[in-house]
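The next block holds one structure in the form of structure tokens; read it before the comments.
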Amino acid sequence: MTDVSNTPLKTTPLHRLHTRLGARMAEFGGYDMPIQYADGIMAEHNWTRSHAGLFDVSHMGPSFLSLPQLGGGDQAHRKVASIVERLVPSDIAGLAPGKVQLTVLLDANGGIIDDLMIGRPPRDDQQGMLYIVVNAGTKENDFALIAEAAGAEAELHRADNRALIAIQGPEAEAVIAGILPEAVPLTFMTFREIKHTAFGNVIATRCGYTGEDGFEILVPAEHGETFANRLLEDPRVKSIGLGARDSLRLEGGMCLYGHDIDISKTPVAASLSWMISKARRERGDFPGADRILRELKEGVPSKRVGIRPLGRAPAREGAEIQNTDGETIGVVTSGGFGPTVNGPIAQGYVDTTYTKAGTPLKLIVRGKALEAEVATLPFVPAKYKR
Amino acid sequence: MTTYYTSEHEWISVDGDVGTVGITKFAAEKLGDVVFVELPDVGKSVKKEADMAVVESVKAASDVYAPVTGEVTAANAAIVDEPAKVNEDPEGGGWFVKIRLADKGQLTGLMDKAAYDAFCASQ
């Protein structure tokens, strides 16, 4: 971890807005970020599940990887895709125009350096460019790796000075329809650029980190606050802090980098094998392929699962997992309370023998063994617009 | 009945040799939505400044310390069944336990309302 104690925290283009809204702020990924607003985590979580929540995710790392000359159809796309395919196990070359893929950066040993999104622009004149969004806490290293892989073949343009605003929830589409109607036809994991008269060039992606339908919208920094205010004028929208973002993603069964996944985990152990595409498995040409292909064939010693404590007490990150005989079989990697589930929920790694849903587990919390069982992820069904 | 406060944001309201203990409004607001409470069993001995109960919010678990040494004579089942009561009425219906004080002299080391309010303002 970077020691941020002596470094002034970075701020996002929405920082003034958070202060005005009375947010409780804390450090996250080197940024001064809103953890919650006046309503509190529970109310913010529930609002997102029933209406629309606005999240400032400008601390993340959006960027563009571009060939010197754009245009040139599939060939240009395959060329730029081949650069990032040196780092990820997904079929980026095979992405359809306008599609976004969730994938992972891997080290030579197959360990996860970060999880990230890679998008192929829909427009012909933008082929040869990729839209890449990495995590906040890892972005300096990620950007360096991607730039190094690109060498002189392509250039990485960081866009993390812009505002990245997520709008999530069942009413997100209706809200966006009034402000960015061009984003409404997007389906889950697709994106497009929109030239807006007031907000400039924005990029709207239909995706999120809550399990709800919604969008993440990249806006020029100077228009970020105006855009967020415009969304917040709608009575269906409330600002939501990182506290509820975490409880929403945990219910959605999604991984938090540095907790549920890190360099010591391969995508197979992390139950993310779906990211390793068929074409890439056949070619075996991604970092750590030897190990990962062997793991796909022979299995792994432990895997990431969902865990449902059967009582009311949450089990937090670091809690030991035992089998019913009291033997240590794993550890909780994130855990807390799921407001929609209305009970404690967790994720963790357990020995592969214990990964079947319904398997009884014990979680050691404050010296006591709490009853729990392996649960199917997600805890709350996803409501994506397919 | 006099109420005393600790620097760990517990309150104790003393009537005779029994004190009712809870967490302050300041602490409840800092914690956020309480989702789980674990209380000591009735009859258990607790020690001043040692952990006595646990409150968990959506985000984190926190210990609650005993403001005085003594024996637990009652535990508030209502907040175990409905943890949100701690946020709704932390210094009333959201009390945690009653303790029979072993040494009333321990109260002199605690803050009164005015001192506690000043302490919170400086936090």
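Observations
- Within segment A:319-342, being within 14 Å of chain B (Cβ to nearest Cβ) and either over 25 Å from the mean Cα position of the chain (by Cα) or over 13 Å from A:Leu248 (Cα atoms) (or both) holds for A:Ala319, A:Val332.
- Residue list for segment A:117-173, restricted to those being β-branched (Val, Ile, Thr) and touching a His at 6+ places or on another chain (Cβ under 9 Å): none
- Subset of segment A:64-85 (residues that are farther than 24 Å from A:Ile217 by Cα, open to solvent by less than 50 Å² (accessible area, probe 1.4 Å) and either under 26 Å from the mean Cα position of the chain (by Cα) or not assigned by TED's automatic domain parsing to the domain that holds A:Arg123 (or both)): A:Ser82, A:Ile83, A:Glu85
- For segment A:309-328, the candidate set comprises residues that are aliphatic (A, V, I, L, M) and out of contact with any Lys or Arg (no Cβ under 9 Å at 6 or more places or on another chain); within that set, the residue that is surrounded by the fewest Cβ atoms within 10 Å (Cβ to Cβ) is A:Leu310.
- With respect to the conditions (1) of a type in the set (Val, Ile, Thr); (2) touching a residue at least 40 places away in the same chain (Cβ under 8 Å); (3) more than 11 Å from chain A (Cβ to nearest Cβ), B:Val72 falls short on a single one, namely (2).
- Scanning segment A:294-304 for residues that are in contact (Cβ under 8 Å) with a residue 24 or more places away in the chain and within 14 Å of chain B (Cβ to nearest Cβ) turns up nothing.
- Annotation note: of B:Val86, B:Val72, the sole residue that is farther than 16 Å from B:Tyr5 by Cα and either in contact with a helix residue (DSSP H, G or I) (Cβ under 6 Å, 6 or more places away or on another chain) or open to solvent by 70 Å² or more (accessible area, probe 1.4 Å) (or both) is B:Val86.
- Looking only at segment A:30-63, and only at residues there that are small (Gly, Ala, Ser) and open to solvent by less than 30 Å² (accessible area, probe 1.4 Å), the one that is nearest to the other protein chains (Cβ to nearest Cβ): A:Gly40
- Qualifying residue in segment A:221-243 (condition: within 14 Å of another protein chain (Cβ to nearest Cβ), assigned to a helix (DSSP H, G or I) and either crowded, with 24+ Cβ neighbours inside 10 Å or in contact (Cβ under 8 Å) with a residue 40 or more places away in the chain (or both)): yes
- Residue within segment A:216-223 that is within 13 Å of the chain's Cα centre (by Cα), at pLDDT 95 or above and outside the structural domain of A:Arg86 (by TED's automatic domain parsing) present: yes
- The set of residues from segment B:51-95 being within 23 Å of A:Glu44 (Cα to Cα), assigned to a loop (DSSP other than H, G, I, E, B) and hydrophobic (A, V, I, L, M, F, W, C) comprises B:Val58, B:Ala60, B:Ala84.
- Exactly one residue out of A:Pro267, A:Pro287 is in contact with a Leu (Cβ under 6 Å, 6 or more places away or on another chain), in a loop (DSSP other than H, G, I, E, B) and open to solvent by less than 60 Å² (accessible area, probe 1.4 Å), and it is A:Pro287.
- Among the residues of segment B:26-56, those identified as in contact with an Asp or Glu (Cβ under 6 Å, 6 or more places away or on another chain) and either open to solvent by 40 Å² or more (accessible area, probe 1.4 Å) or in contact (Cβ under 8 Å) with a residue 60 or more places away in the chain (or both) are B:Ser45, B:Asp51.
The values are calculated or read from the model by the stated rules, or taken from the named source; none is laboratory data. Just so it is clear, the structure is predicted and the values come from calculations on it, not from any experiment. Reconstructed Cβ throughout: ideal geometry from the backbone, glycine too, with neighbour counts over all protein chains shown. Areas reflect the complete protein model, heavy atoms only, side chains present, ligands, DNA and RNA absent. Shrake-Rupley method; radii C 1.70, N 1.55, O 1.52, S 1.80 Å.
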